[in-house]
Structure formats: C-alpha cells, structure tokens
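Chemist: Here you go, one structure.
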Amino acid sequence: MATTIHRYKHIRDLREDSDITQEQMAQVLSCSQVAYSYYELGKRDIPTDILIKLADYYNVSIDYLLDQTNNKLRNF
C-alpha cells in the first residue's frame, strides 16, 4: 500500500504546487471532488483517460505521475 500512496503523491504535489484546489482539478478532469480525492489518496485507481488529462494539464509524463521516473519531462 505504501507504493500506491507514494505513487499518487506526485499528483497531489503537482496540484498543490499549482495552487489548485481539489474541486478545481475535479472540474478540469470532469469528475467529482470526492473521486479526485480518492485518486490522490490511492483509494481508487486512476483511469487512463484521467492520467492522460493530468499529464497534459501539468505537461509531465505519465511515467512521472506513476512514479516510474523522477524526470517530469515528456519524451516525444
């Protein structure tokens, strides 16, 4: 479980660094604030379409969001 919590920590950190509330991010992602909160807490798996939206919004790689790398940059 610790890996799950750590993995989703990047998503929370990106949101907080951008001074965005969970409610605002939920609106961007077209989901409820409760669902978004569950994503951050690792209580719910993040659907692929939401991961893509998050990566696009923050301009980071999906690998970074999933803690597969510490490099935020996308490789195109």
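Just so it is clear, none of the values below were taken in a lab; they were calculated from the coordinates. None of these values were measured; they are calculated from a predicted model. Ideal geometry is used to build each Cβ from the backbone, glycine not excepted, and the neighbour counts take in all protein chains shown.
Chemist: Under the Karplus relation 6.51 cos²θ - 1.76 cosθ + 1.60, θ = phi - 60°, what is the ordered set of whole-Hz ³J(HN,Hα) values for the range 47-60, x standing for Gly and Pro?
Modeler: x, 4, 5, 6, 4, 5, 4, 5, 4, 5, 4, 8, 6, 10
Chemist: Let me ask something additional. Under a crude label model (7 Å from the Cα following the beta-carbon direction), how far is residue 70 from residue 13 in nanometres?
Modeler: 0.9
Chemist: Related question: Can you list the HN-Hα couplings for the range 15-31, worked out from phi with the Karplus curve (6.51, -1.76, 1.60; θ = phi - 60°), rounded to whole Hz and with x for Gly and Pro?
Modeler: 5, 5, 5, 8, 6, 10, 7, 4, 4, 5, 5, 4, 5, 4, 8, 6, 9
Chemist: Counting every Cα pair in the range 2-65, what percent are over 12 Å apart?
Modeler: Result for the distance tail: 66 percent.
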